[in-house]
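Data block below; observations after.
Please treat every number below as a calculation from the coordinates, not as lab data. Not measured: the values here are computed from a predicted model. Glycine also receives a Cβ, built like all others from the backbone with ideal geometry; neighbour counts cover every protein chain displayed.
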Amino acid sequence: MKPKVHRGKLAAEGFKFAIVASRWNDFLTSKLIDGAVDGLESLGASEDSVEVFMVPGSFELPSVARKIADGGSFDAIIALGVVIRGETAHFDYVAGEAAKGVGQVAMQTGVPVMFGVVTANTLEQAINRCGVKAGNKGYEAAMAAVEIVNLYSQLGSEKQEQGFKEKAFPHVV
Ligand code: INI
């Protein structure tokens, strides 16, 4: 058996992306923003199709992502932040709320929201995930955003096509 496989293309032209990024640990989140912008640009996004919204900390990512999603101007949102366990007793609350909240925004609004938040036990681990050794989570989140917006638009047009078939050929479908 060879089932039909649906996959989003890695082509960013024609889509609008919002990056919402935390200022906490900004020497690292700035690297995530750079990684995300470079990633989007490398896939064909134009300068005016990408906007960055800064928030105080990762806890605020979901609420601002929600506002952006409700505004209806962007096809995808990329949430970026760095939460380091060693630095805070409320690591679990901040990281947990950021992850849960970002997921809820995506589910409740229908606008895809990428989780580009580095959660690390140590500063060294965090540095390694922000473009030094083990990749750049901002770049990865940008790749995911482009793939997902293309998959969403494919799914939308398949639905429209199905609706058209149902109307035009009710006896067939
Ligand atoms: N926010 C982060 O993004 N990373 C952290 O490591 C962090 N620490 O360590 O506390 C952090 N805290 C701030 C938090 O996100 C909120 O901005 C703050 O609680 C105000 O709501």
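Below 8 Å between Cα atoms, with a sequence gap of 6+, how large is the relative contact order for region 8-141 in percent?
On the way: 267 pairs, mean separation 41.9, N = 134.
Contact order relative to length: 31 percent.
Taking a 24 Å limit on the Cα-Cα distance, which of the listed pairs 16/137; 16/67; 4/100; 9/137; 4/137 fall beyond it?
Result: 4/100; 4/137 exceed 24 Å.
Treating only the Cβ atoms of Lys and Arg (+1) and Asp and Glu (-1) as charged, compute the dipole magnitude of the chain about its Cα centre; round to the nearest 20 debye.
Around 620 debye, computed over the chain.
Please give the FRET efficiency for residue 89 paired with residue 16, using the beta carbon to beta carbon distance and R0 = 41 Å, rounded to the nearest 0.05. Intermediate values should be presented prior to the final figure.
On the way: r = 38 Å, r/R0 = 0.93.
So the FRET efficiency works out to roughly 0.60.
For region 40-81, go through all pairs of different Cα atoms, get the mean of 1/r, take its inverse, and jot down that Kirkwood value in Å.
Over region 40-81, the inverse of the mean reciprocal pair distance is 11.4 Å.
Of all DSSP beta bridges in region 5-157, what percent run antiparallel (nearest 5)?
Bridges in region 5-157 that DSSP calls antiparallel: roughly 5 percent.
Amide H neighbours of residue 78 under 5 Å, counting only residues 5+ apart in sequence or on other chains, H built in-plane at 1.01 Å?
Sorted by chain and number, the residues that satisfy this are 18, 19, 20, 114.
Calculate, axis by axis, the spread of Cα positions in the chain along the three principal axes, and write the results as whole Å, longest axis first.
For the chain, the Cα extents along the three principal axes come out at 64, 39, 30 Å.
Given a Förster radius of 25 Å and the C-beta distance between residue 63 and residue 27 as r, what FRET efficiency does 1/(1 + (r/R0)^6) yield to the nearest 0.05?
Step by step, r from the Cβ atoms, then E = 0.55.
Between residue 48 and residue 128, how high is the FRET efficiency from 1/(1 + (r/R0)^6) when r is the Cβ-Cβ distance and R₀ = 41 Å? Nearest 0.05. All intermediate terms of the calculation are to be shown ahead of the outcome.
On the way: r = 33 Å, r/R0 = 0.80.
My answer for the efficiency is 0.80.
Given the peptides 34-45, 66-77, arrange them by the average over their residues of other C-beta atoms within 10 Å, most packed first. Please list the in-between numbers first.
Numbers: 34-45: 19.6, 66-77: 17.9.
Ranked by mean Cβ neighbours within 10 Å, highest first: 34-45, 66-77.
Of the options 101, 45, 71, report the single residue whose Cα projects farthest towards the positive end of the charge dipole of region 28-165 (beta-carbon charges: Lys, Arg +1; Asp, Glu -1).
Positive-most Cα among the choices belongs to 101.
To test your reading of the geometry: what angle, between 0 and 90 degrees and rounded to tens, separates the Cα axis of helix 26-42 from the longest principal axis of the chain?
With rounding to tens, the tilt is 30 degrees.
Relative to the present Cα-Cα distance, how much length would full extension add between residue 100 and residue 34 at 0.36 nm per residue of separation?
21.3 nm
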